[in-house]
1. When you go through (1) under 14 Å from the mean Cα position of the chain (by Cα); (2) outside any loop (DSSP other than H, G, I, E, B); (3) at pLDDT 95 or above one by one for residue 44, which number turns out not to apply?
2. Considering only region 23-41, I want to know if a residue exists there that is modelled with pLDDT under 95, among the hydroxyl-bearing types (Ser, Thr, Tyr) and either in a strand (DSSP E or B) or under 11 Å from the mean Cα position of the chain (by Cα) (or both).
3. Filter region 21-41 for residues that are among the aliphatic types (A, V, I, L, M) and loosely packed, with under 10 Cβ neighbours inside 10 Å and give the result.
4. Under 9 Å between Cβ atoms, which residue pairs at least 6 apart in sequence (or on different chains) link something in region 51-67 that is closer than 21 Å to residue 22 by Cβ and of a type in the set (Ser, Thr, Tyr) with a partner that is modelled with pLDDT of 85 or more and in a helix (DSSP H, G or I)?
5. Identify all residues within region 1-22 that are at pLDDT 95 or above and outside any helix (DSSP H, G or I); write none if there are none.
Amino acid sequence: MAVSEYWATVSDYLIELARASGMSIQLDAVIGREHYWSVSGSLDALERFAEAYSNEKRAAHKSEQKN
């Protein structure tokens, strides 16, 4: 996987995680291949995002340790 493909995947993942946490996602601009997003929401939504992100990282770390 090329570096740009990796970061596109990571950005898509973070955007979907933010959306699933109740945050509002707005595409502000596309310049060349770069996408510029605004993410906003309540403090509760930010806490849900942080918890979901931490849980995903913890699960990934545990599965890496098993292999």
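1. Tallying (1) under 14 Å from the mean Cα position of the chain (by Cα); (2) outside any loop (DSSP other than H, G, I, E, B); (3) at pLDDT 95 or above, residue 44 fails exactly one: (1).
2. Yes, region 23-41 has at least one match.
3. Residues of region 21-41 that are among the aliphatic types (A, V, I, L, M), as a first pass: 23, 25, 27, 29-31, 39.
Answer for region 21-41, where residues must be among the aliphatic types (A, V, I, L, M) and loosely packed, with under 10 Cβ neighbours inside 10 Å: 29, 30, 31.
4. 53/14; 53/17
5. 21, 22
The values are calculated or read from the model by the stated rules, or taken from the named source; none is laboratory data. All of these numbers come straight from a predicted model, not from anything done at the bench. Virtual Cβ from ideal backbone geometry, glycine too; neighbours counted across all protein chains shown.
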